[in-house]
Amino acid sequence: MKILIVDDFSTMRRIIKNLLRDLGFQNTAEADDGTTALPLLQSGNFDLLITDWNMPGMQGIDLLKHVRADQKLAALPVLMVTAEQKREQIVEAAQAGVNGYVVKPFTAQTLKEKLEKIFQRIEGG
Amino acid sequence: MADSKFISDENIARARDLVATMERGDETGAKDVIDDLTNIRESDLYQEMGKLTRELHDAITAFGMDEQINKLAEMEIPNARQRLRHVIEMTDQAANRTLEAVENSLPICEAMGSRSRELHTEWNRFTKRDMNLTEFVHLAKRLDGFFATNTGDADKLRDSLNNVLMAQDFQDLTSQIIKKVITLVEEVESNLVALVKLTSGKNTKTNAAQQQSSEILAGPVVPGVNDKGVVSGQDEVDDLLSSLGF
């Protein structure tokens, strides 16, 4: 299980990386923006994308849209972890095909639940 | 005032003149009187405008030469930027120090836990008399090692926790810095209000204060600033999504 963590704050990436490791996911990579994440995804064989929304170069919502528009990446599960909690934004992300939406600050338990939900859905086909 | 000067004996005489010239059909004469009156009126207006222009110019000059404003623009605001950057740096450092302590501690806890589980299993065998002497000697040695390691590990964990404790020292300092920047913002605010009053001459409390921040990306929720139209907490996010069928 290879996971890409995208957030412009290195401390947040570090926190998520540690939480994932705790849940048994050791194979993680990081990117600090949508622009650097996209090429990594295209060449990388990732099984899950975890991304923030608010990033300077390319925002998470646009990264999500690019992923869904790319034939090779369209089915990639995407979990958003973000401080943005306006109704319109949550709806926009859902309509763009996000698989889970976690708002900051979040608990380890929440992250675990959302990940389990995503992987259940994958196994259920 | 110009108006009361305008209603003078001279001008009343001119007005009578105007009526007289018109009654006797003297078009040129009438136009002359009207010209006179108009000139007087215009010069009054010019004087009034000149006075206002001078007053405005003086006020703007005074405002621009106000040392406080210059100081704000040239020193305090760049300072404030610098201070806030420093806050970012400090909080970044504190977070990283803490995360490092956590990353150091977790493996220690995991190893401690798994060793303890292993030895516990062996110890249970012993208490159930399911162990021979050789095995017990071996277990005793391992227990010995375990106690020694544990003591060392406890010390390491305590050190890590102390590092976490000390890493929180940023909060006091960053708060002080941020308070200073708030004071600066208030200063800028009052100067701006004064400037707006100067140029509009009216009381300037608009609806802006009631409007919420309408940036496209609101960022983390700050109560009272951008908490309209947002959900509060993961549960509400989940409710919203499931109510839409996601």
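Taking 17 Å as the cut-off, the amide N atoms of segment B:122-164 that come nearer than this to a point 7 Å along the Cα-to-beta-carbon line of B:Leu106 belong to B:157, B:160-161, B:164. Taking all protein chains together and a 1.4 Å probe, the residues B:Leu133, B:Leu241 rank B:Leu133, B:Leu241 from largest to smallest accessible area. In order along segment B:73-89, the phi-based Karplus estimate (6.51 cos²θ - 1.76 cosθ + 1.60, θ = phi - 60°) of 3J(HN,Hα) comes to 5, 8, 10, 5, 6, x, 4, 4, 4, 4, 4, 5, 4, 4, 4, 4, 4 Hz; Gly and Pro are listed as x.
Would you mind getting me the FRET efficiency between A:Leu40 and B:Leu84? Use the beta-carbon distance for r and R0 = 30 Å, nearest 0.05.
Working from the Cβ atoms, E equals 0.40.
Let's test the formula: R0 of 25 Å, r as the Cβ-Cβ distance of A:Thr107 and A:Gln26. What FRET efficiency results, to the nearest 0.05? The value I calculate is 0.70. When chain B is treated as a GNM with alpha-carbon contacts under 10 Å, the residue of B:Thr91, B:Thr149, B:Thr121 showing the greatest mean-square fluctuation is B:Thr121. Enter the mean projected area of the convex hull around the alpha-carbon atoms of the protein assembly as shown, in nm², rounded to one decimal. Seen from a random direction, the Cα hull of the protein assembly as shown projects 35.8 nm² on average. Taking a ≥ b ≥ c as the square roots of the eigenvalues of the Cα gyration tensor, segment A:74-122 is classed as oblate, since a/c reaches at least 1.5 and a/b does not exceed b/c. Using a Förster distance of 56 angstrom, determine the FRET efficiency expected from the C-beta separation of B:Ile77 and B:Arg115, and round it to 0.05. The computed FRET efficiency comes out at 0.45.
Per residue, the average separation of C-alpha pairs within less than 8 Å and at least 6 apart gives chain A a relative contact order of 21 percent. For chain A, the Kirkwood hydrodynamic radius from C-alpha pairs, put into Stokes-Einstein at 37 °C and a viscosity of 0.692 mPa s, yields a diffusion coefficient of 230 µm² per second. Site pair A:Arg68 and B:Lys5 shows an inter-label distance of 7.3 nm when each label is modelled 7 Å from Cα along Cα→Cβ. Accessible area per residue (1.4 Å probe, heavy atoms of protein chains only) ranks B:Glu122, B:Glu67, B:Glu100 as B:Glu67, B:Glu100, B:Glu122, with the largest value leading. Since only B:Ala62, B:Gln93, B:Thr38 are under comparison, the one whose Cα sits farthest along the positive direction of the charge dipole of segment B:32-103, derived from C-beta charges on Lys, Arg, Asp and Glu, is B:Gln93.
Between B:Ser190, B:Ser160, B:Ser116, the residue with the greatest mean-square fluctuation in the GNM of chain B (Cα pairs under 10 Å linked by springs) is B:Ser116. Once C-alpha pairs closer than 8 Å and six or more residues apart are averaged by separation and normalised to the residue number of chain B, the relative contact order reads 19 percent. Ranking A:Tyr101, B:Tyr46 from most to least accessible surface, computed with a 1.4 Å probe over the protein chains only, gives B:Tyr46, A:Tyr101. Summed over qualifying helices (DSSP H, 4 residues or more, each -39500 (n - 2.57)) and divided by its residue number, chain A shows a 222 nm mean residue ellipticity of -15000 deg cm²/dmol.
For the options A:Gly97, A:Gly24, A:Gly60, a Gaussian network treatment of chain A with springs between C-alpha atoms closer than 10 Å singles out A:Gly24 as fluctuating the most. Note that segment A:71-87 has calculated 3J(HN,Hα) couplings of 3, 5, 9, 3, 8, 5, x, 10, 10, 8, 10, 8, 7, 6, 10, 6, 3 Hz, one per residue in order, obtained from phi through the Karplus relation 6.51 cos²θ - 1.76 cosθ + 1.60 (θ = phi - 60°); glycine and proline are x. Averaging Cα coordinates gives a centre for segment A:24-56 and one for segment B:160-176; these two points are 31 Å apart.
Helix B:234-243 and the longest principal axis of the Cα set of chain B meet at an angle near 80°. Tell me the Kirkwood hydrodynamic radius of chain B in angstroms, computed as one over the mean inverse distance between distinct C-alpha pairs. Hydrodynamic radius (Kirkwood, Cα pairs) of chain B is 28.6 Å.
Of all DSSP beta bridges in the protein assembly as shown, what percent run antiparallel (nearest 5)?
Once the DSSP bridges in the protein assembly as shown are tallied, antiparallel ones form about 5 percent.
Among the residues of B:219-225, the average count of other protein chain beta-carbon atoms within 10 Å of the residue beta-carbon is 3. The separation of segment A:72-119 from segment B:86-104, counted between C-alpha centres, amounts to 26 Å.
Averaged over the residues of B:234-241, the number of partner chain Cβ atoms lying within 10 Å of the residue Cβ comes to 6. Here the Karplus curve 6.51 cos²θ - 1.76 cosθ + 1.60, taken at θ = phi - 60°, turns the phi angles of segment B:114-129 into couplings of 6, 4, 4, 4, 4, 5, 4, 4, 4, 4, 4, 4, 4, 5, 8, 6 Hz, with x standing for Gly and Pro.
The figure for B:Arg97 is an accessible area of roughly 110 square angstrom, using a 1.4 Å probe on the protein chains alone.
The values are calculated or read from the model by the stated rules, or taken from the named source; none is laboratory data. The structure displayed is predicted, hence computed values, not measured ones. As a convention, Cβ positions derive from the backbone with ideal geometry for all residues, glycine included, and neighbour counts pool all protein chains shown. In case anyone asks, the SASA skips ligands and DNA or RNA and just uses the protein heavy atoms, side chains included. Shrake-Rupley method; radii C 1.70, N 1.55, O 1.52, S 1.80 Å.
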